[in-house]
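Take a look at the structure set out below.
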Amino acid sequence: MTLPKFILGDNTEFPNAIYVIHTEFPRFIINLEDDEVEWFEDFDAEDEKELETETANAIKLATEFYDNEVAKYEE
């Protein structure tokens, strides 16, 4: 199965939360309500420097994805 890079998610138990799931490395879910990130990867100390750059970019892309998706619904 081929997955899209980003997937929107929500849950009625957390009505204010808006989730974006990033399916490629580094895999994570970000809650756009509070920018909390849950990782699906385990990282070691060697990965931290590269992870900082990758993470900032991936979170920026996740936010842009959400903004684009919402704009499509509003049209």
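Give, to the nearest whole percent, the P(r) tail of the stretch 34-75 beyond 12 angstrom, counting all Cα pairs. Cα-Cα pairs of the stretch 34-75 separated by over 12 Å account for 70 percent. Need the list of lysines near Lys72 for cross-linking: C-alpha distance under 25 angstrom, and skip anything on the same chain fewer than eight residues off. Of all the lysines, those that pass the test against Lys72 - Cα under 25 Å, at least 8 places apart if same chain - are Lys5, Lys60.
Using the Cβ-Cβ distance between Glu69 and Val37 with R0 = 22 Å, the FRET efficiency computed as 1/(1 + (r/R0)^6) comes to roughly 0.70. Under 16 Å of direct C-alpha separation, and excluding same-chain neighbours fewer than eight residues apart, Lys49 reaches these aspartates and glutamates: Glu41. Relative to the longest principal axis of the Cα atoms of the chain, the long axis of helix 48-74 lies at roughly 10 degrees. Rolling a 1.4 angstrom probe over the chain with all protein chains present gives an accessible area of which 49% lies on carbon and sulfur atoms.
Report, please, the projected area of the chain averaged over directions, based on the convex hull of its C-alpha atoms, in nm².
Average of the hull's projected areas for the chain equals 6.2 nm².
In the context of the full set of protein chains, residues of the stretch 1-55 present 78 Å² of accessible surface per residue (probe radius 1.4 Å, heavy atoms only).
The values are calculated or read from the model by the stated rules, or taken from the named source; none is laboratory data. Every value quoted in this text rests on a predicted model; they were computed, and no experiment measured them. All Cβ positions, glycine included, derive from the backbone under ideal geometry; neighbour counts span all protein chains shown. Calculation scope for accessible area: heavy atoms of the full protein, side chains included, ligands and nucleic acids excluded. Shrake-Rupley method; radii C 1.70, N 1.55, O 1.52, S 1.80 Å.
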